[in-house]
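This report concerns only the one structure given below.
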Amino acid sequence: MTREIHFWTIDKYKQEEQWLNDLAAQGKALIKQDFGVRYRFEPCEKGEWQYKILFTDNLPNTVEAQDFESFLAENGIEQVGRFHRWAYFRKKNDGTPFELYNTKKDEYNEMSKVLNMATVLRTLMIFDWVLMFALGVFEGFVGHLPVILLVTVVTVFIYNVHKNLKGQVELLKRDADLFE
Amino acid sequence: MPNNYDAPLTEAVYYILLSLTKQMHGYGIIQNVKTLTNGRLVLAAGTLYGAINNLLAKGWISAVDGDDSRKKEYILTDSGKEILVKEITRLTELADNGKKYIDM
């Protein structure tokens, strides 16, 4: 078993999912995911497992989350990780694509929820940045400079994450308007 | 208003309701829909889960105790059947009109 630390931002969760599937295709299967960054892998037959990452409606350990997990378990889908509303699932590769949703609208709804979370984060960071800047104006920038710089970097970073997500959601919306 | 019906059902919901004319659990619904559509439509578990919860809330299906207590089973209610009949009428109209315009 190997333990690894990886960081994926919330706008890249589809890429993260592809990465896990690529690893499984090479014979390295995720067996546990903790705190959103710690991954535990085990050797497997090449292509034995398929993975899916989902932004769920509920926080872990709620009745709703457990109900959803057991419903998926009845259908041969195992939960291997849970962090906040993010859930990591896998199923044995039976030659069919691993999908948790049938419709573009479902996919659009899921990613819209991720975008909503990013919007809240972005708003908080902008508010924080304005607050820091105002303090700098009133109390002199020198003392506040490190904090202002740090908040600026984080705000720009989150702004870009939000922008990426928004682009993906708009593409999905176009599909959702055309197809079921 | 459990019988409020003014929009086409999604394909998934239509086939779930149709399957539940017989008592079934989630996995049974997936298998039944796959058989009915000759493998064309494989219901994804997330879509099925969301649809079942919405249909329960609308009162179009109800949960019943199955043979295996670990798995919940579901069955169509009278109001669900009413919706299904209306949808079949609508789909028949769509198909009949299509055939009038296109030689098949």
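Scan the stretch A:69-94 for residues that are outside any loop (DSSP other than H, G, I, E, B) and either more than 9 Å from chain B (Cβ to nearest Cβ) or surrounded by 15 or more Cβ atoms within 10 Å (Cβ to Cβ) (or both) and report the count.
Here is the first cut: in the stretch A:69-94, the residues outside any loop (DSSP other than H, G, I, E, B) are A:69-74, A:78-83, A:86-92.
From what's left, either more than 9 Å from chain B (Cβ to nearest Cβ) or surrounded by 15 or more Cβ atoms within 10 Å (Cβ to Cβ) (or both): A:69, A:71-74, A:78-83, A:86-92.
Count: 18.
Residues that are within 9 Å of chain A (Cβ to nearest Cβ) and not in a strand (DSSP E or B) were ranked within the stretch B:25-38; the one that is most open to solvent (accessible area, probe 1.4 Å) is B:TYR27. Screening B:ASN97 with (1) within 28 Å of A:PRO97 (Cα to Cα); (2) open to solvent by 50 Å² or more (accessible area, probe 1.4 Å); (3) assigned to a helix (DSSP H, G or I); (4) among the polar types (S, T, N, Q) gives one miss only, at (1). Taking each residue of the stretch A:37-52 that is among the polar types (S, T, N, Q) and looking for partners that are crowded, with 16+ Cβ neighbours inside 10 Å with beta-carbon atoms closer than 8 Å, six or more apart or interchain, yields A:GLN50/A:ASN21; A:GLN50/A:ALA24; A:GLN50/A:ARG90; A:GLN50/A:LYS91; A:GLN50/A:ASN93; A:GLN50/A:PHE98. B:LEU43 satisfies every condition listed in (1) within 14 Å of chain A (Cβ to nearest Cβ); (2) in a loop (DSSP other than H, G, I, E, B); (3) open to solvent by 20 Å² or more (accessible area, probe 1.4 Å) except (3). Checking each residue in the stretch A:95-148 for being open to solvent by less than 60 Å² (accessible area, probe 1.4 Å), among the small types (Gly, Ala, Ser) and part of a helix (DSSP H, G or I) picks out A:SER112, A:ALA118, A:ALA134, A:GLY136. Selection of first residues in the stretch B:47-67 that are more than 14 Å from chain A (Cβ to nearest Cβ) and over 20 Å from A:LYS105 (Cα atoms) and of second residues that are buried (at least 21 other Cβ atoms within 10 Å of the Cβ) and at pLDDT 90 or above, restricted to Cβ pairs under 6 Å at least 6 apart or on distinct chains, gives the following pairs, ordered by first then second residue: B:TRP60/B:GLY80; B:TRP60/B:ILE83; B:ILE61/B:LEU20; B:ILE61/B:LEU55; B:ILE61/B:TYR74; B:ILE61/B:LEU76; B:ILE61/B:GLY80.
In the condition set (1) within 13 Å of chain A (Cβ to nearest Cβ); (2) touching a strand residue (DSSP E or B) at 6+ places or on another chain (Cβ under 7 Å), B:GLU11 is compliant with all but (2). If you scan the stretch A:21-60, which residues turn out to be open to solvent by 60 Å² or more (accessible area, probe 1.4 Å) and assigned to a loop (DSSP other than H, G, I, E, B)? Answer for the stretch A:21-60, where residues must be open to solvent by 60 Å² or more (accessible area, probe 1.4 Å) and assigned to a loop (DSSP other than H, G, I, E, B): A:GLN26, A:PHE35, A:GLU45, A:LYS46, A:ASP57, A:LEU59. Within the stretch B:11-24, the presence of a residue that is at pLDDT below 95 and open to solvent by 70 Å² or more (accessible area, probe 1.4 Å) is excluded.
Scan the stretch A:33-53 residue by residue and report those that are within 30 Å of B:LYS72 (Cα to Cα) and at pLDDT 95 or above. Those that are within 30 Å of B:LYS72 (Cα to Cα) and at pLDDT 95 or above: A:GLU48, A:TRP49, A:GLN50, A:TYR51, A:LYS52, A:ILE53.
The values are calculated or read from the model by the stated rules, or taken from the named source; none is laboratory data. Nothing here was measured: the structure is a model prediction, and the numbers come from that model. With ideal geometry, Cβ positions are generated from the backbone for all residues, glycine too; neighbour counts draw on all protein chains shown. Just the protein is used for accessible areas: all its heavy atoms, side chains included, with ligands, DNA and RNA removed. Shrake-Rupley method; radii C 1.70, N 1.55, O 1.52, S 1.80 Å.
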